[in-house]
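Here the structure comes first, spelled out in structure tokens, and everything after it is commentary.
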Amino acid sequence: MDRKQIIRKKYFDKRKKNYFELNENFFLSLYKLIKKKIKMKKFCISIYYPNSFEVNILKILDLEYFKKFIFLLPVIEKNGSMNFYKWKKNDILSVNKYGILEPIKLKKKIPEVVLVPLLAFDKNRNRLGYGKGFYDKYFSRFIKNHKKILKVGIAFSFQKYNKLPVNNKDFKLDYIITEKGIV
């Protein structure tokens, strides 16, 4: 088992053991961060459908101050790439081969903001995911085309790790937000 796999296992177990629901202060901090960084009136935010004790980001859909945004969910395509599709709270979802809920593919969009789940993060805004690289590959496609996407990691504060091992394919997040604030 390599170092990343050991950290993944440890933090998956830690998240499962210490999971809790976040209150509205978390979402208000997230809203203020997004509004400060994105000056457009209407834009797309990619969220994720939580599983395996990830931070439940779905509460965002019930908050009045987020109502004007267009929400997207990720879909893993047959070729292994990831794209984002428009989704509303009660739209039908399907289960992908990883057991993750995805929207029915209707209208693919490029988000201005991506809320990224993670297993661990460090003070340098590095993220450790599940090891398939879907988010890293997605971001690399747009960096080449000079498209700026605000990348915000969503985590519990106990998911902080001292210094994660990284390679040249790993993308730093712009921000990480926990129940204790913004990193």
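Values in this text are rule-based calculations from the coordinates and carry no lab data. Since the model is a prediction, treat every value here as computed from it, not as a measurement. Note that we place each Cβ from the backbone using ideal geometry, even for glycine, and neighbour counts take in every protein chain shown.
A few comments on the model shown:
- Cross-link pairs K148/K172; K9/K108; K39/K105 - those with Cα-Cα distance over 24 Å: K9/K108; K39/K105
- Placing unit charges on each Cβ (+1 for Lys and Arg, -1 for Asp and Glu) gives the chain a dipole about its Cα centre, and among V55, F26, Y135 the Cα reaching farthest toward its positive end belongs to Y135.
- In terms of its alpha-carbon gyration tensor, the stretch 137-183 comes out oblate; a/c meets the 1.5 threshold, while b/c is at least as large as a/b.
- Our note on the geometry: Cα centres of the stretch 37-61 and the stretch 66-103, 11 Å apart.
- For the stretch 1-115: rounded, prolate or oblate by the Cα gyration tensor [a/c cutoff 1.5]: oblate
- If the segment from K78 to K172 were pulled out straight at 0.36 nm per residue, it would be longer than the present Cα-Cα gap by 31.2 nm.
- The packing ranking of peptides 85-97, 20-32, highest mean first, is 20-32, 85-97, where packing means the average number of other beta carbon atoms within 10 angstrom of each residue.
- Full-extension gain in nm, N90 to N18, via 0.36 nm per residue minus C-alpha separation: 23.0 nm
- Restraint check, K4/K107; K4/K137; K88/K132; K59/K123; K37/K169, Cα-Cα greater than 28 Å: K4/K107
- Extended-chain gain in nm, criterion 0.36 nm per residue less alpha-carbon gap, K163 and L101: 19.2 nm
- From phi via Karplus (6.51, -1.76, 1.60), per-residue ³J(HN,Hα) for the stretch 47-52 in Hz, x at Gly/Pro: 10, 9, 8, x, 8, 6
- Couplings for the stretch 101-118, taken from phi via the Karplus curve 6.51 cos²θ - 1.76 cosθ + 1.60 with θ = phi - 60°, read 6, 10, x, 5, 6, 10, 10, 6, 9, 9, x, 7, 10, 10, 8, 10, x, 7 Hz in order; Gly and Pro are left as x.
- The charge dipole of the chain, taken about its Cα centre with unit charges on the Cβ atoms of Lys, Arg (+1), Asp and Glu (-1) only, comes to about 620 debye.
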